[in-house]
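Student: Starting off with a structure, shown below.
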Amino acid sequence: MKTLRAFIESLCSEQCAGREPGSAGGRAARALVLEAFREAGLEPVEQPVPGCSGANVLAPLRGDQDRWVLVAAHYDHVGQSGKHIFHGADDNAAAVAILLDVAQALRSRPPKGRGVLFAAFDSEEMPHFQTEAMGSEYFARHPTVPLDTIDLMVCMDLVGHAVGPDEAPDDVRRSVFALGAERSEGTGVLVDRLARSEPGLIIRRFDAETIPPLSDYWGFWRREVPFLFLTNGRWRHYHTPEDTPDKLDYPKIQATARWLERLVREACARPEPSVRFLSGVRDDASTLRSVIALTQSLEPLSPLAAAARQTAEGLLRRCDGKGRLADAERSALQMLVAQLESGLA
Ligand SMILES: [Zn+2]
């Protein structure tokens, strides 16, 4: 298989032309994904998504049990505008490369327990978001394995870049944000245990409600499938022609692939017969602890960070025993996260 970087560059080539669903570029990207799955030793199938004239690519790796961990990344992007190609290196070629790298690693040494279904979804971007023309939503409506046999859906989006400005400290740059672990039994404990297991990477948990559900996990969350959303957040090149492969952080991408491989192995081998979705749970305390850690590191760079950290510490003290803030205080938390996100973009 190509290296992660070479694969990202091929998805961002002129030939793929921004990978718009249903376009020649979208088909070229899909051919690359199919070929890479085959090279990894899997048997990928196309699932046509009629509403966008595109298709999902699904590659199962059967396990000892008839239950699944689904690992997903969308491979489409927004195409072209005039002569400008939107290459979408961070959104979402990097994640697709990680998906294929993990597929290859798990195929050559299969995990114990559950099977793994690898999904490269089409049509995540506007205008199809949250309709049947969106690849992941189409899959959720027409699943190839019963949704109630999926014990974890891992969704990656925007996982190719270092977090924050160039001068930000390493422990900020190496962050990957993990959302939604609180929504299923035992998943938060698993993610916390592995948070610093991969050199060069720190996994920081946030509650799923911290940001609007603008990626492929949305349809699974809604259907109460346990999920985990991995993202490095939006950066300044988000949805511009400047989102190109030369700006990505390749050591971090490599580390993310190894971390994800470990997570999937552990999720496959979990001893429970099934993983329970937890509705009505919210974990503001995890979000606040992540905000505090990040702002602490950013303090030498920005006076705003110190103020944000104090606000976060005050809010953390007001969480109840289950880690929840009163509804009236949640807007303060959301403002804090929005500030941090724009500071890090
Ligand atoms: Zn995306």
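None of the figures in this text is laboratory data; all of them are computed from the coordinates on show. What you see is a predicted model; the values in this text were computed from it and never measured. Cβ: placed from backbone, ideal geometry, glycine included. Neighbour counts: every protein chain shown.
Student: Can you order the peptides 120-127, 50-57 by their average number of other Cβ atoms within 10 Å per residue, highest first?
Tutor: Working: 120-127: 24.1, 50-57: 21.2.
My ranking of the peptides, most packed first, is 120-127, 50-57.
Student: Suppose every K and R has +1 on its Cβ and every D and E has -1 on its Cβ; what is the size of the dipole of the chain about the Cα centre, in Debye to the nearest 20? Spell out each step's value before the answer.
Tutor: Values: 40 positive and 48 negative charges, 155 e Å.
Around 740 debye, computed over the chain.
Student: If you don't mind, another one. Hey, could you get me the Stokes-Einstein D for segment 88-145, Kirkwood radius over alpha-carbon pairs, 4 °C and 1.567 mPa s, rounded to whole µm² s⁻¹?
Tutor: It comes out at roughly 99 µm²/s.
Student: At q = 0.11, 0.13, 0.27 Å⁻¹, what is the base-10 log of I(q)/I(0) for segment 190-269 according to the Debye formula with one equal point scatterer per Cα and no solvent? Please give it to two decimals.
Tutor: Those come out to -0.37, -0.52, -1.33, one per q.
Student: For the charge dipole of segment 284-344, defined by +1 on Lys and Arg C-beta atoms and -1 on Asp and Glu C-beta atoms about the Cα centroid, which residue among L301, V291, Q339 has the Cα displaced farthest towards the positive pole?
Tutor: V291
Student: Now for a different question. Per q in 0.06, 0.12 Å⁻¹, report the Debye log10 I(q)/I(0) for the chain, using one uniform scatterer on each alpha carbon and no solvent.
Tutor: Results for the chain at q = 0.06, 0.12 Å⁻¹ read -0.19, -0.82.
Student: Tell me the trypsin sites (Lys or Arg not before Pro) within segment 121-196 that lie in a loop according to DSSP and have at most 15 other beta-carbon atoms within 10 Å.
Tutor: On the way: sites: R141, R173, R174, R183, R193, R196; in loops: R174, R196.
Listed in order of number, the matching sites are R196.
Student: Share of Cα-Cα pairs in segment 105-259 beyond 21 Å, in percent?
Tutor: Numbers: 5995 of 11935 pairs.
Here the long-distance tail beyond 21 Å is 50 percent of all Cα pairs in segment 105-259.
Student: Work out, in µm²/s and without decimals, the Stokes-Einstein translational diffusion coefficient of segment 211-345 at 4 °C, 1.567 mPa s, Rh from Kirkwood over C-alpha pairs. Numbers along the way, then the final one.
Tutor: Working: Rh = 17.6 Å.
Taking Rh from Cα pairs, D becomes 74 µm²/s.
Student: Which helices, taking whole DSSP H runs in the chain, have alpha carbons extending 20 angstrom or more along the helix axis plus mean Kyte-Doolittle at least -0.5? Working shown, then result.
Tutor: Values: long enough: 24-39 (22 Å, 0.14); 94-108 (21 Å, 1.40); 250-268 (27 Å, -0.43); 284-298 (21 Å, 0.56); 303-317 (22 Å, 0.11); 330-344 (21 Å, 0.53).
The answer, listed by residue number, is 24-39, 94-108, 250-268, 284-298, 303-317, 330-344.
Student: Which value in Å does the Kirkwood hydrodynamic radius of segment 284-344 take, with 1/r averaged over all unlike C-alpha pairs and then inverted?
Tutor: Working: mean 1/r = 0.0875 Å⁻¹.
Computed over segment 284-344, the radius equals 11.4 Å.
Student: With n ≥ 4 as the cut-off for DSSP H runs, can you work out [θ] at 222 nm for the chain, using -39500 (n - 2.57) per run divided by the number of residues, rounded to the nearest 500? Please report the intermediate quantities before stating the final value.
Tutor: Working: 11 runs with 127 residues, N = 345.
That calculation yields -11500 deg cm²/dmol at 222 nm.
Student: Find the Rg to Rh ratio for segment 1-117, where Rh is the Kirkwood radius over alpha-carbon pairs and Rg uses the same atoms. Display every interim value, and only then the final one.
Tutor: Numbers: Rg = 14.5 Å, Rh = 14.5 Å.
My calculation puts Rg/Rh at 1.00.
Student: With unit charges on the beta carbons (Lys and Arg positive, Asp and Glu negative) and the dipole taken about the Cα centre of the chain, which residue among S53, L248, A103 sits farthest to the positive side?
Tutor: So the residue furthest toward the plus end is A103.
Student: Oh, and also: For a quick size check, give me the Cα extents of segment 240-311 along its three principal axes, largest first, whole Å.
Tutor: That gives 49, 37, 23 Å along the principal axes, largest extent first.
Student: Another question, if that's okay. Taking the Cα centre of segment 1-115 as the origin and placing charges on Cβ (Lys, Arg +1; Asp, Glu -1), which of S23, G63, V33 is farthest toward the positive end of the dipole?
Tutor: G63
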